[in-house]
Amino acid sequence: MAIAVTDRAVAEIKKAGGSRVKRPQGLRVGIRGGGCTGFSYLFEWADTEPRPEDKVLSFEDGQVRVFIDPKSYIYLDGSTLEFATTMMGRGFKFVNPNVKGECGCGHSVTF
């Protein structure tokens, strides 16, 4: 299995990263403890190169990179990173087959 990233998500990463004062090295995604059901997704800009143990997904000839730490990769394997626009807002989200449940707000998940 692997983690997929939609074309729209790649385009949004490129667009948002290009608008920052200092262009980031990539978008770091992952899982962290917290939220109302146990875990929440992490999306943050990485201003440094990936750590040696990180999984690196590369798109558009390396212009867009996504970094994932090994522990998060276990929970995200088989997922698709999308950029969604809903009535509640816009942003990155995972379609994750490993999730057993999620809170009503959709920002917290359980495995």
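Which of the residues that make up the stretch 38-78 are of a type in the set (Ser, Thr, Tyr) and either over 18 Å from ALA9 (Cα atoms) or surrounded by 13 or more Cβ atoms within 10 Å (Cβ to Cβ) (or both)? Steps first, please.
Step one: list which residues in the stretch 38-78 are of a type in the set (Ser, Thr, Tyr), which gives 40-41, 48, 58, 72-73, 75.
The answer is SER40, TYR41, THR48, SER72, TYR73, TYR75.
Just one of (1) closer than 20 Å to PRO24 by Cβ; (2) in a strand (DSSP E or B) trips up SER72, so point out which.
(2)
If SER58 meets every condition in (1) more than 14 Å from the chain's Cα centre (by Cα); (2) of a type in the set (S, T, N, Q); (3) more than 24 Å from THR110 (Cα to Cα) apart from one, which number is that one?
Going through the list (1) more than 14 Å from the chain's Cα centre (by Cα); (2) of a type in the set (S, T, N, Q); (3) more than 24 Å from THR110 (Cα to Cα), SER58 breaks only (1).
When the residues of the stretch 21-37 are filtered to those that are surrounded by fewer than 16 Cβ atoms within 10 Å (Cβ to Cβ) and in a strand (DSSP E or B), which remaining residue is nearest to the chain's Cα centre (by Cα)?
ARG32
Go through the residues of the stretch 28-40 one by one and say whether even a single one is touching a Pro at 6+ places or on another chain (Cβ under 9 Å) and touching a residue at least 12 places away in the same chain (Cβ under 8 Å).
Let us first name the residues in the stretch 28-40 that are touching a Pro at 6+ places or on another chain (Cβ under 9 Å), namely 28.
Now drop any that are not touching a residue at least 12 places away in the same chain (Cβ under 8 Å), which leaves 28.
Looking for residues that are touching a Pro at 6+ places or on another chain (Cβ under 9 Å) and touching a residue at least 12 places away in the same chain (Cβ under 8 Å), one finds at least one in the stretch 28-40, hence yes.
Identify the single condition in (1) modelled with pLDDT under 95; (2) at negative phi; (3) over 12 Å from the mean Cα position of the chain (by Cα) that TYR41 does not satisfy, given that it satisfies every other one.
The number of the failed condition is (3).
Mind checking which residues of the stretch 16-30 are of a type in the set (A, V, I, L, M) and at pLDDT 95 or above?
Filtering the stretch 16-30 down to residues of a type in the set (A, V, I, L, M) leaves 16, 21, 27, 29.
Of everything in the stretch 16-30, those that are of a type in the set (A, V, I, L, M) and at pLDDT 95 or above turn out to be LEU27, VAL29.
The values are calculated or read from the model by the stated rules, or taken from the named source; none is laboratory data. These figures come from a predicted structure and were not determined experimentally. Positions of Cβ are backbone-derived with ideal geometry, glycine not excepted, and every protein chain shown enters the neighbour counts.
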